Amino acid sequence: VNMQQGDYASAIASSQSVLDSDSTTQMERDHALLNLLTLSLNYGDGDRAISMAQLLLRSADPNLTMIAHASMGIVQSADNGNIEAVNRQLVSMARLHRESSIHYFAVSQLNLAMNLIAQDRPDRALAEANTALEVLEAGSAQVEMTAARMARGEALAMLGRTGEAINALEIALAGVTPSPDNEALAEAGELFDSFLGPAQANRFLDQIGPPDELTPRMHRLELMARCIQSIRRRDYDLATEILSRLPENIATHPGSEAARLVAVAYLAVARGDATAVESAASAADHAGAQGAHRWRRVANLLAALAKPSDGLSSQLVTIGTDSPQTLTFLADLVSVRLHMLDEKALLVVNEAANRHQERWRVALRAAMVLGDPQVRLASAQALEPIGEKQDVITLRAVAHESKRRSGTLSLGRNLARRLAARVHVEDLGRVTLGIGQNSKPGSEARRKVLATLCFLVSRPDMSATRDQVLDAMWPELDPDVAVNSLNQTLYFLRRVLEPDYTEDLSPGYVHHDSDVIWLDPILISSRSDNCRQLIRELPERPSPDDVARLVAAYTGRYALDFEYEEWASDYRDSLHAAYLEIVERSVSDDLASGHYSRGIGVARRALEVDPRAEHVEVSLLRLYRVAGAHAAAAEQYAHYAAVMRDDLGIDPPPLESL
């Protein structure tokens, strides 16, 4: 209980008092040793953990001796022990304890997950962490449960499943009471800095308690996180000072020494030290010998980054294909060397950046600040597929700087277009404009502006020649005056769709080049055009589902705001006629085939749109009669008869004859 509450001093004292008592049984002493071993591992005192494990090896209980052997292996794996050998021990223990001791089984799965993370096997680590959590969540082992949740979050972060990773970490930290777990905070800070979003790393690191309240394990994790963060921020003196403060005792986290050697090499490469290649090689040798493949790959990439002329591209492809998370871990160093890479390596980098977008955004933006034109251009090209709206200005500036280079002219425009709010014109019935998440009546725009938008939407490919627009909008004006009105209208139209319109930064909703004016069909859509496309794609005999989609989409005649405008009438009439033809045929088919209810539904919906569609109304009357809905038939006939008399001036045929 003391340990679960973070009170290691009381927990150690309680367990030691059992060992020191003359009245305890051997079994009680063995379990006191087990408690002390567990405490030492969680506290981060590897030396004491090994001492306790050696004493526990004398136990007559084979389960406890197995735990002692595995614990010694875990501590040794933090330094230079073989991680894969420990994994085999843990798998054997898990099999043995699955039925007999479910808590020990879960702890074995948790330790296995941590080892697999050090081996750069996040897929497998995730599976083992999930298994451990299923067991631990049914009990009250808060320390182990938090550790399992953190391991799950780390595996997800490495895999690039960012949303799931953040959720897992938030759950892990929210479940810690009465105060945040310093170890979990340190791990969360490191994960955000390395994979999930560096801007949020200090939100966790700054909550960690003062050093005198931290266990050696917590203190080591915090210092390592802050050291790596300082390297990435180019504060090399602080990183050096932090490394000098790492605890000297043996750690208890798998691959800890390999991680320290990688940090030393990272600092040397980032700073450009003459010892960089040697430091990276030393870290790679150590990590490789013990099977800490996560750190071996980082070290190998550091060595390649230290001497980029010696096959950097091939090393990036080799490492990044199997472990894109390794490229992300060193994104700050990779970003300033993108101009040195071949096409295949750039493709691998782009795939890694797409997995961990927030981390790469920070690294690429920092690289663009350095000023070297080659670095700026290569970083800008890598940033465009993952950038945010704030990056458009910078990318356009780089495009202007590099305008003589092929393929750079549109830099930033593709990003602006990808992030632009989509516009949807609801142009059946009264016109409304949907811009992103906002909707407003078309009447809020100037009438000619709205008319021009609707006219372009109604044209094939949403495009028209300038003369066609002039003839439709200003047929009565002199050509020079009409052209001036067109230019003003397009000016206001752009600002209706994009209030902060700036030509160089615009995604390009409206284009006016030479004699052609058009709307971007990716950025702008309309209900009438959607219906037109749907009608065009329907087979000769549409299915009931096809008809249902059309009936749901077609909500009224085109652009009632411009009912008496000549330019709108042809499009309105042809679209409406095509709609009625399909509806009439469908209703007739349903009448003939006995699908009365379906036919009634289609006919009623069509009459809501066009109450004077005579043939549809006659079909509806027939459907009501054959379906036995005589009152409905009589009511509908009254409407039909009134329309015949008022509109055509003739008496309708008797209901019975229909």
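Key figures
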| item | result |
| --- | --- |
| Solvent-accessible area per residue, Å², over the chain with all protein chains present [probe radius 1.4 Å] | 46 |
| Under 5 Å, built H, 5+ apart or other chain: amide partners of Val516 | Arg466 |
| From phi via Karplus (6.51, -1.76, 1.60), per-residue ³J(HN,Hα) for the stretch 553-563 in Hz, x at Gly/Pro | 7, 7, 9, x, 5, 5, 6, 5, 4, 10, 4 |
| Cα→Cβ-extended label distance, 7 Å offset, between Tyr501 and Thr65, nm | 8.4 |
| Asn80 paired with His630, simple spin-label distance in nm, labels 7 Å along Cα-to-beta-carbon | 10.2 |
| Length gained when the stretch Asp651-Ala592 is fully extended (0.36 nm per residue, less Cα-Cα span) | 18.5 nm |
| Loop chymotrypsin sites (Phe, Trp or Tyr not before Pro), the stretch 541-620 (other Cβ atoms within 10 Å of the site Cβ: 12 or fewer; DSSP) | Tyr564 |
| 5 angstrom amide H check on Tyr558, placed H, neighbours 5+ away | Gly429 |
| Unit charges at the beta carbon, dipole of the chain: most positive-side option, Leu505, Tyr43, Trp518 | Tyr43 |
| For the stretch 213-223, 3J(HN,Hα) per residue [Karplus equation, 6.51 cos²θ - 1.76 cosθ + 1.60, θ = phi - 60°, Hz, x = Gly/Pro] | 9, 9, 6, x, 5, 4, 5, 4, 4, 5, 4 |
| Whole-Hz ³J(HN,Hα) from phi, Karplus 6.51 cos²θ - 1.76 cosθ + 1.60, for the stretch 99-112, glycine and proline x | 9, 8, 8, 5, 5, 4, 4, 5, 5, 4, 5, 5, 4, 5 |
| Computed [θ] at 222 nm, helices only, for the chain once each DSSP H run of length n ≥ 4 contributes -39500 (n - 2.57) | -21000 deg cm²/dmol |
| Spin-label pair Ser514/Lys344, simplified geometry with 7 Å Cα→Cβ offset, distance in nm | 4.2 |
| The stretch 73-131 versus the stretch 190-220: alpha-carbon centroid distance in Å | 25 |
| Low-density loop cleavage sites - trypsin sites (Lys or Arg not before Pro) in the stretch 610-645, where at most 12 other Cβ are within 10 Å (DSSP) | Arg612 |
| Relative contact order (%) - criterion: Cα under 8 Å, at least six apart; region: the stretch 1-94 | 17 |
| Inter-centroid distance (Cα atoms) of the stretch 319-379 relative to the stretch 47-70, Å | 47 |
| Förster-model FRET efficiency, 60 Å R0, Asp478 and Leu238, C-beta, rounded to 0.05 | 0.25 |
| Cα lying deepest toward the dipole's positive end in the stretch 129-260, options Leu221, Asn130, Thr162, charges on Cβ | Thr162 |
| Geometric extent, Cα atoms of the stretch 520-648 - Rg, Dmax (angstrom) | 15.9, 52 |
| Total lysine pairs whose alpha carbons fall under 30 Å of each other in the chain (8 or more apart, or interchain) | 6 |
| Ranked by how many other beta carbons lie within 10 Å on average, peptides 491-502, 354-365 from highest | 354-365, 491-502 |
| Over the chain, relative contact order from alpha-carbon pairs under 8 Å, at least 6 apart, % | 7 |
| Reported label for calculated P(r) over Cα pairs in 20 Å bins from 0, in percent given [x] 18, 45, 28, 8, 0; [y] 15, 39, 34, 12, 1; [z] 15, 32, 24, 21, 8, 0 | [z] |
| The chain - percent of accessible surface contributed by carbon and sulfur, probe 1.4 Å | 49 |
| Gly44 long-range amide H proximity, modeled H, under 5 Å | Arg217 |
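The values are calculated or read from the model by the stated rules, or taken from the named source; none is laboratory data. As the structure is a prediction and not an experimental result, all values here were calculated from the model. Virtual Cβ from ideal backbone geometry, glycine too; neighbours counted across all protein chains shown. The area values use the complete protein model at the heavy-atom level, side chains included, leaving out ligands, DNA and RNA. Shrake-Rupley method; radii C 1.70, N 1.55, O 1.52, S 1.80 Å.
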